[in-house]
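Peer 1: Structure provided below as structure tokens; questions to follow.
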Amino acid sequence: MSYVDEVFELVVAKNPAQPEFHQAVKEVLESLRVVIEANEEAYRKDALLERLCTPERQILFRVPWVDDKGQVQVNNGFRVQFNSAIGPYKGGLRLHPSVNLGIIKFLGFEQIFKNSLTGLPIGGGKGGSDFDPKGKSDREVMAFCQSFINELYRHIGADTDVPAGDIGTGAREIGYMYGQYKRLTGLYEGVLTGKGLTYGGSLARTEATGYGLLYLTEEMLKCNGKDIAGKTVVISGSGNVAIYAAQKAQQLGAKVVTVSDSTGWVYDAEGIDIALLKEVKEVKRARLTEYAAARPSAEYHDGKGVWTVKCDIALPCATQNELNLEDAKALVANGCFAVAEGANMPTTLDATEYLQKNGVLFCPGKAANAGGVATSALEMSQNSERLSWTFEEVDSKLKGIMVNIFHNLDDAAKKYGMAGNYVAGANIAGFLKVAEAMTAQGIV
Ligand code: NDP
Ligand code: 2IT
């Protein structure tokens, strides 16, 4: 059996009931096949793939907190420190009822390659909890965040592991976590990113994932003889990534006609009103029904449906496996020619294959959404030098990083005989740097 198949079987056997983790590993290993085969003897001897697919450390802990009725609640806390070959562990904290170890491992695994692609010195990690911030008071959210950090603080640090936001973790949660970390350790250091601007945060970090997604998409289209101006874009999600993706798409001259949340979606024939969307989602923390109620051109639909809307470009920005084969068929039938993933692993493997086979330009999340973590690394740099850069400075660095990422994956795909396969290009380019660093550092 080939080394790749052997390791994949081992991963499934050793990590039962973690389908998202298996899926992420399968996608990466499949597209590395050509690289692995060329170095099989050395990699096998060093068990390089087994080490790559096994987290360096997994921290599982209890998070007890008291709700507004005086009732004690208990959540599960996770931090998976996956790979530190090229830098301190770096990756977000997801707060969502669906969080379990398999989800955090898939996200941490993806993060290794994503962080490598940024060209910056950051290793891969991810964490979170099955706590649901939705419907909780600010005090309840603070109680949870403080309890979460009461355990996590001993495992993280500005030079060891630097968490950040993800689903359910935004500026409010990062603020409470930072305050508690500081209280426990007495350290005023860049231990978390996505901080508020008054206490060490970076300008443009809020916008970075969505803006970065569009900078990369723009470059991908340009290199394929297409332009984003005048195109119709569908976006899923209405959180941090979706909002700033929609904003930048419109700045670049496209028309964004949809956004969604976990209960429904909106079609707005006149293009999404970003100021209204921000008011509904960032200020009121409300549902999209409020957007539709305030906007005559918008239609609200229950459930899932953005991929059935005719578009040129689709940007999934909500969650994993939200775009399946049926959705991919609908997109192709409606003439969609580009898909770039703002979320992590939003497209199922069969849907990705279908899109690629039908000539759709497809950029995977580990490249397309890397602008968030890249800007987090820029926040770490600013914290280290005790300086703050201007919005323009950070934004122009972000743009440079995204353009560079696209060319790295384009070049890697071409070099290994898979021109235009940006999934393979991203996995190969991300992997090679990590593999070289792991090999150089010996068996650790
Ligand atoms: P937010 O919490 O800000 O927003 C998430 C959005 O996705 C919300 O609209 C939410 O709807 C929707 N959503 C979440 N889970 C589900 C679900 N199970 N089914 C349907 N809709 C869902 O998160 P972000 O915008 O930060 O993250 C979105 C995606 O981008 C995630 O995959 C994340 O890992 C990825 N990402 C985030 C980065 C960042 O910097 N924030 C960086 C790189 C990737 P509702 O409010 O109803 O739950
Ligand atoms: O998935 C991701 O890259 C993030 N949630 C951002 C991580 C970070 O450290 O900024």
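Peer 1: With respect to the numbered conditions (1) within 16 Å of ligand 1 (Cβ to nearest atom); (2) more than 19 Å from residue 409 (Cα to Cα), which one is the sole condition not fulfilled by residue 310?
Peer 2: (1)
Peer 1: Let me ask you something else. Looking only at the stretch 24-46, which residues are farther than 20 Å from residue 11 by Cα and not in a helix (DSSP H, G or I)?
Peer 2: Result: 39, single match.
Peer 1: Let me ask something else. List every residue pair whose Cβ atoms lie under 6 Å apart, where the two residues are 6 or more positions apart in sequence or sit on different chains, the first residue falls within the stretch 52-77 and is surrounded by 17 or more Cβ atoms within 10 Å (Cβ to Cβ), and the second residue, located anywhere, is among the β-branched types (Val, Ile, Thr).
Peer 2: 53/11; 53/25; 55/80; 75/63; 77/63
Peer 1: Something else: For the stretch 399-437, which residues satisfy the criterion of being surrounded by 20 or more Cβ atoms within 10 Å (Cβ to Cβ) and more than 17 Å from residue 362 (Cβ to Cβ)?
Peer 2: 401, 431, 434, 435 - these are the residues of the stretch 399-437 that are surrounded by 20 or more Cβ atoms within 10 Å (Cβ to Cβ) and more than 17 Å from residue 362 (Cβ to Cβ).
Peer 1: Also: Which one of these does residue 392 not meet: (1) more than 13 Å from ligand 2 (Cβ to nearest atom); (2) buried (at least 17 other Cβ atoms within 10 Å of the Cβ); (3) not small (Gly, Ala, Ser)?
Peer 2: Tallying (1) more than 13 Å from ligand 2 (Cβ to nearest atom); (2) buried (at least 17 other Cβ atoms within 10 Å of the Cβ); (3) not small (Gly, Ala, Ser), residue 392 fails exactly one: (2).
Peer 1: Failed condition for residue 314, given (1) surrounded by 18 or more Cβ atoms within 10 Å (Cβ to Cβ); (2) within 16 Å of ligand 2 (Cβ to nearest atom); (3) under 22 Å from the mean Cα position of the chain (by Cα); (4) not in a loop (DSSP other than H, G, I, E, B), with all others met?
Peer 2: (2)
Peer 1: Report whether or not residue 209 is within 16 Å of ligand 2 (Cβ to nearest atom) and either free of Cβ contacts under 8 Å to residues at least 60 places away in the same chain or under 22 Å from residue 168 (Cα atoms) (or both).
Peer 2: On the way: within 16 Å of ligand 2 (Cβ to nearest atom): yes; either free of Cβ contacts under 8 Å to residues at least 60 places away in the same chain or under 22 Å from residue 168 (Cα atoms) (or both): yes.
Yes.
Peer 1: Continuing with the same structure: State which residue pairs qualify: first residue touching a residue at least 12 places away in the same chain (Cβ under 8 Å) and among the acidic types (Asp, Glu) and inside the stretch 292-307, second residue away from ligand 1 (no atom under 16 Å from the Cβ) and in a loop (DSSP other than H, G, I, E, B) in any location, beta carbons under 9 Å apart, and separation of 6 or more residues or different chains.
Peer 2: Note: pairs meeting the criteria are 299/269.
Peer 1: Can you pull out the residues in the stretch 238-286 that are away from ligand 1 (no atom under 15 Å from the Cβ), among the aliphatic types (A, V, I, L, M), touching a Gly at 6+ places or on another chain (Cβ under 8 Å) and not in a loop (DSSP other than H, G, I, E, B)?
Peer 2: Within the stretch 238-286, 257 is the sole residue that qualifies.
Peer 1: Taking the residues in the stretch 352-378 that are of a type in the set (Val, Ile, Thr) and in a helix (DSSP H, G or I) as candidates, determine which candidate is nearest to ligand 2 (Cβ to nearest atom).
Peer 2: Checked the stretch 352-378; the qualifying residue nearest to ligand 2 (Cβ to nearest atom) is 373.
Peer 1: Something else about it: Evaluate the stretch 194-210: report whether one residue or more is within 19 Å of residue 370 (Cβ to Cβ) and in contact with a strand residue (DSSP E or B) (Cβ under 7 Å, 6 or more places away or on another chain).
Peer 2: Among the residues of the stretch 194-210, at least one is within 19 Å of residue 370 (Cβ to Cβ) and in contact with a strand residue (DSSP E or B) (Cβ under 7 Å, 6 or more places away or on another chain), which makes the answer yes.
Peer 1: Which ones in the stretch 7-33 are exposed (fewer than 13 other Cβ atoms within 10 Å of the Cβ) and over 23 Å from the mean Cα position of the chain (by Cα)? Even if it seems obvious, please write down each step before you answer.
Peer 2: Keep residues of the stretch 7-33 that are exposed (fewer than 13 other Cβ atoms within 10 Å of the Cβ), which gives 9, 13-14, 16-17.
Scanning the stretch 7-33 gives 9, 13, 14, 16.
Peer 1: Checking residue 172 against (1) within 16 Å of ligand 1 (Cβ to nearest atom); (2) in a loop (DSSP other than H, G, I, E, B); (3) surrounded by fewer than 19 Cβ atoms within 10 Å (Cβ to Cβ); (4) not hydrophobic (A, V, I, L, M, F, W, C), which test does it fail?
Peer 2: Answer for residue 172: the failing condition is (2).
Peer 1: Could we say that residue 193 is touching an Asp or Glu at 6+ places or on another chain (Cβ under 7 Å), modelled with pLDDT of 95 or more, on the phi < 0 side of the Ramachandran plot and buried (at least 24 other Cβ atoms within 10 Å of the Cβ) here? Break it down into steps so the answer makes sense when it comes.
Peer 2: Details: touching an Asp or Glu at 6+ places or on another chain (Cβ under 7 Å): yes; modelled with pLDDT of 95 or more: yes; on the phi < 0 side of the Ramachandran plot: yes; buried (at least 24 other Cβ atoms within 10 Å of the Cβ): yes.
So residue 193 fits the description; yes.
Peer 1: Follow-up. Considering only residues of the stretch 65-123 that are among the charged types (D, E, K, R) and within 13 Å of ligand 1 (Cβ to nearest atom), which is farthest from residue 135 (Cα to Cα)?
Peer 2: First, pick out the residues of the stretch 65-123 that are among the charged types (D, E, K, R): 67-69, 79, 90, 94, 105, 110, 114.
Narrowing the set further to residues that are within 13 Å of ligand 1 (Cβ to nearest atom) leaves 90, 94, 110, 114.
Details: 90: 29, 94: 16, 110: 30, 114: 32 Å.
If we take residues in the stretch 65-123 being among the charged types (D, E, K, R) and within 13 Å of ligand 1 (Cβ to nearest atom), then 114 is farthest from residue 135 (Cα to Cα).
Peer 1: Check every one of the strands (runs of 3 or more DSSP E) wholly within the stretch 47-138 and list those with 3 or more residues that are within 16 Å of ligand 2 (Cβ to nearest atom) and in contact with a strand residue (DSSP E or B) (Cβ under 9 Å, 6 or more places away or on another chain).
Peer 2: Result: 72-83, 89-95, 123-129.
The values are calculated or read from the model by the stated rules, or taken from the named source; none is laboratory data. Because the structure is a prediction, the values reported are computed rather than measured. Backbone-built Cβ (ideal geometry, glycine too); neighbour counts: all protein chains shown.
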